[in-house]
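Undergrad: Dumping the structure here so I can ask a few things about it.
The values are calculated or read from the model by the stated rules, or taken from the named source; none is laboratory data. For clarity, every value in this text was computed on a predicted model and none was experimentally measured. Backbone-built Cβ (ideal geometry, glycine too); neighbour counts: all protein chains shown. For accessibility, only protein heavy atoms count, side chains too; no ligands or nucleic acids. Shrake-Rupley method; radii C 1.70, N 1.55, O 1.52, S 1.80 Å.
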Amino acid sequence: MTTLLVIAKEPRPGRVKTRLTPPFTPEEAAALAEASLADTLDVVARTPARRRVLVLEGAPGPWLPPGFDVVRQCAGGLDERLAAAFAGCDGPALLIGMDTPQVTPELLTVDFSDCDAYFGPAEDGGFWALGLAQPDPSRLRGVPMSTPRTGAAQRARLTGLRVRQLPPLRDVDTAYDAALVAKAAPDGRFAAELERLAGAGR
């Protein structure tokens, strides 16, 4: 069975979702980040897995459900931190971030019996999911992160593997993204928090 990894930042004002400010304040952006993270962790908790790991920058809070191991992110760039997350696994693993609260257990229920990797492209040119049957950190180290070509560069690192592609999803980076993601998952905490902020005059 697969290990599910979630890489995330503690939702603290000024440290997360800075591209949401403006129009949101740092406190509002952090509240949206916490809701997105809570939705993501809830989905992972409901997905069959060998192990569930939160790879965290910062400290866990009341948004963390039971059943997760918490591992501190290593130092270095995002590529090094993702590589280290996979290095801590001893079998098939699927990694996602905290920016796609519209994800579902169905999307995360993967089967490596006839493939070596899963790749989930993001609509901004990055990727929202990466799965490896054999977690090889070298598949991630040196990939340029947070660029419009990140997804293509990471996908190229999977050359020679049998890859299954997951559906593209939209990351929550901007207020425009937030509105579209909330529509895609209207029953989640993220959508409720965005609606609450709108009702407060946002």
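Undergrad: In this structure, is PRO101 under 12 Å from the mean Cα position of the chain (by Cα), in contact (Cβ under 8 Å) with a residue 40 or more places away in the chain and under 19 Å from LEU41 (Cβ atoms)?
TA: Yes: the conditions hold for PRO101.
Undergrad: Whether any residue in the range 44-58 is farther than 27 Å from ASP111 by Cβ and open to solvent by 10 Å² or more (accessible area, probe 1.4 Å) is what I want to check. Steps first, please.
TA: Taking the range 44-58 as the starting set, the residues that turn out to be farther than 27 Å from ASP111 by Cβ are 56-58.
Checking which are open to solvent by 10 Å² or more (accessible area, probe 1.4 Å) leaves us with 57-58.
Yes, that holds for at least one residue.
To keep it simple, each residue is scored yes or no on (1) out of contact with any strand residue (DSSP E or B) (no Cβ under 9 Å at 6 or more places or on another chain); (2) within 27 Å of TYR118 (Cβ to Cβ); (3) in contact (Cβ under 8 Å) with a residue 40 or more places away in the chain.
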| residue | (1), (2), (3) |
| --- | --- |
| LEU5 | no, yes, yes |
| ALA29 | yes, no, no |
| ALA33 | no, yes, yes |
| ASP39 | yes, yes, yes |
| ARG50 | no, yes, yes |
| GLY61 | yes, no, yes |
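Undergrad: Among residues belonging to the range 75-101 that are open to solvent by 30 Å² or more (accessible area, probe 1.4 Å) and touching a strand residue (DSSP E or B) at 6+ places or on another chain (Cβ under 9 Å), point out the one that is farthest from LEU132 (Cα to Cα).
TA: ASP99
Undergrad: So, one more: Scanning for something under 15 Å from GLU195 (Cα atoms), open to solvent by 10 Å² or more (accessible area, probe 1.4 Å), assigned to a loop (DSSP other than H, G, I, E, B) and hydrophobic (A, V, I, L, M, F, W, C), does the range 27-34 turn up at least one residue?
TA: So far as the range 27-34 goes, no, none of its residues is under 15 Å from GLU195 (Cα atoms), open to solvent by 10 Å² or more (accessible area, probe 1.4 Å), assigned to a loop (DSSP other than H, G, I, E, B) and hydrophobic (A, V, I, L, M, F, W, C).
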